[in-house]
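Structure first, then comments.
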Amino acid sequence: MKKIFSVIVSAMLISGCSESFLDRQPEDTLAPETFFKSPNDIKAGLVAAYQPLQALFNATALPHMLGQMSDDGTSPYNSFIWHTFYKNNTHSAPEIWNGFFKLIVNTNNIIDVADKYTPKNDAEAVVVNAYKGEACFLRALAYFYLVRLYGDVPMVVSRFTDPGTAFGMGRTPVDDIYRKVIIPDLEYAFANCYKKGDPALTGEGARATKGAALTILGKVYLTMNDHSNAAATLKKLIVDKEGGHYELLQDYSKIWLPANKFNLESIFEVNYNVASGVGSFYIRNMSIAAAYLFGGRVGSGLFCAEKDLMDDYVRSNEKIRYSASVDSCYADLLIQPTPLKLIPPLPECKNYEQTGTDYNYMITRYADALLMYAEALMPTDPAAAATYINQVRARVNMPPVNAGDVNITLILHERRMELAFEGHRYLDLVRTGKAVEYISRVLMNNNEYERRVWRSAPIPEYQLILPIPVGEIEKDQTLTQNAGY
């Protein structure tokens, strides 16, 4: 791991404007202790620290993998290992591992610099602490994904002055990483980041906020099966409004439009901007059938909607969310239903084959928080839980549910209908202990357009996490492999 990191200054990574990259010295010649002389310098490094997110949440990366591993996504006429759960130790997604650790190294540097910087006055201290808060949020987010995908991972929380110290630390238990890094980092971010809508964030909507910290912290507590702390945390966001003002957009189909970036429902999203040379190529995940129908070459067949999801929409009479989420893409007996979120209207996709699009990737939004709050309240106050579920359902003209209806099956269903293809489903199933049951059911039965059975037996429990990248183990023998691989 490098002790020096990129300090490319580009406000476009945060605000989406079309400023040019500023000329800087090569990254390997620019040490933090010689560069960071003011809050603006710290901000420049922080902007660069966000950059790995744009690769991690682009085409073929984390959204594709999480979709394939859930019961929402499939890959007709292919057999991606993420979908079939026959992974061996070569199926470790090292680009995901390396991308999140790059984010961790970058944020460790920012935190170290902020800790050593002496503010000139109280106002400057607020600014520097906010920048540190954003770095803490990003580090927590990176570790949160890593522990859910890989289990125990190395706990790296300081800047390396000697790259050799990056080796030999072994793997830290997941619970320790939650309690020693993720939770404290998110608490610090909540205490010090700006709120959504704060003047300091004008034109910089992609920066982490108090609301983002509360939302991810609530999800952390749910993942740890701590409903009490999850409810208390999400109450601060939803009831007490301590994270800023959020609300559901009236039109479900417009949540992801580039014209609506950083809208009132958005809590944290990864910014893409074609004009700045950082477009989203999420459209490359679309089905070959969609590309065939509309005359483009952008479709790769990497990702299609699972028929089980489509049947769920139909059974539930989900007209609005269904039509905004998936198109059947039927063409000459070629059926490859394609996700519609995060891409332009299908006839227009061919116009973005080379440039990519300005569609941001929303890591979390207010509907996600409302449904998490309902889940957290479910054990103690199912009537209140139903209230928050019904806020989400009312937006799409679905009838209300009653307190007696509220259970984990209902909540998982509602989250599926609302959040399909947004990277939540697989992780929801794993944290609630439903992954083997739900996903195996799909893989062990054929359907009308695939007509094949992927598995003759349920998914082995060990397959729910990825193997540690073999290349990392070869470099550091203290990194043991996950059981089963």
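The values are calculated or read from the model by the stated rules, or taken from the named source; none is laboratory data. Note that the structure is predicted; figures quoted are calculated from it, not measured. Please note: Cβ atoms are built from the backbone with ideal geometry, for glycine as well, and neighbour counts cover all protein chains shown. For accessibility, only protein heavy atoms count, side chains too; no ligands or nucleic acids. Shrake-Rupley method; radii C 1.70, N 1.55, O 1.52, S 1.80 Å.
For trypsin sites (Lys or Arg not before Pro), the sites in segment 44-145 that DSSP calls loop and that have at most 16 other Cβ atoms within 10 Å are Lys120.
Please work out the FRET efficiency for the pair Tyr462 and Asn225, using the Cβ-Cβ distance as r and a Förster radius of 25 Å; give the result to the nearest 0.05. Working shown, then result.
On the way: r = 20 Å, r/R0 = 0.81.
Given R0 = 25 Å and the Cβ-Cβ separation, E is 0.80.
Could you let me know the centre-to-centre spacing of segment 453-481 and segment 239-261, using Cα atoms, in angstrom? Centre-to-centre distance over Cα atoms comes out at 38 Å. Taking +1 at the Cβ of each Lys and Arg and -1 at the Cβ of each Asp and Glu, which of Met169, Met224, Ile238 sits farthest along the dipole of segment 162-241 towards its positive end, judged by Cα position relative to the Cα centre? In segment 162-241, that residue is Ile238.
Between the residues Gly203, Ile182, Ala130, the greatest Cα displacement towards the positive end of the dipole of segment 63-206, with unit charges on the Cβ of Lys, Arg, Asp and Glu, is found for Ile182.
Our estimate of slack between Ala200 and Ser79, defined as 0.36 nm per intervening residue step minus the Cα-Cα distance, is 38.8 nm. Extension gain for Lys319 to Asp122 (0.36 nm times residue separation, less C-alpha to C-alpha distance): 65.6 nm. Could you point to the residue in Ser440, Tyr462, Gln477 farthest towards the positive end of segment 432-485's charge dipole, with +1 and -1 charges on the Cβ of Lys/Arg and Asp/Glu respectively? Ranked along the dipole, the leading option is Ser440. Between Phe167 and Ala232, the distance separating the two model label sites (each 7 Å from Cα on the Cα→Cβ line) works out to 4.4 nm.
Taking the Cα centre of segment 103-143 as origin, sum charge times position over the Cβ atoms of Lys and Arg (+1) and Asp and Glu (-1), and report the length of that vector in debye to the nearest 20.
Working: 4 positive and 5 negative charges, 16 e Å.
That gives a dipole near 80 debye.
Between Lys350 and Glu95, what's the calculated FRET efficiency when r is the beta-carbon distance and R0 is 45 Å? Round to 0.05. Walk me through the intermediate numbers first.
Working: r = 27 Å, r/R0 = 0.61.
Approximately 0.95, to the nearest 0.05.
Distance between the modelled labels on Lys241 and Asn407, one decimal in nanometres: 3.7 nm (7 Å Cα→Cβ projection). With contributions of -39500 (n - 2.57) from each DSSP H run of at least four residues, the per-residue ellipticity at 222 nm computed over the chain stands at -12500 deg cm²/dmol. Charged side chains reduced to their Cβ positions (Lys and Arg at +1, Asp and Glu at -1) give segment 343-440 a dipole of some 80 debye around its Cα centre. Mean sequence separation of contacting Cα pairs (under 8 Å, at least six apart), scaled by the length of segment 362-444, corresponds to a relative contact order of 25 percent. Using a probe of 1.4 angstrom and keeping all protein chains present, the accessible surface of the chain works out to 39 square angstrom per residue. The calculated FRET efficiency for the pair Ser38 and Asn445, based on their C-beta separation and a Förster distance of 51 Å, comes to about 0.25. Rounded to the nearest 20 debye, the dipole magnitude of the chain is 40 debye, with +1 charges on Lys and Arg beta carbons, -1 on Asp and Glu beta carbons, and the Cα centre as origin.
Rolling a 1.4 angstrom probe over the chain with all protein chains present gives an accessible area of which 53% lies on carbon and sulfur atoms.
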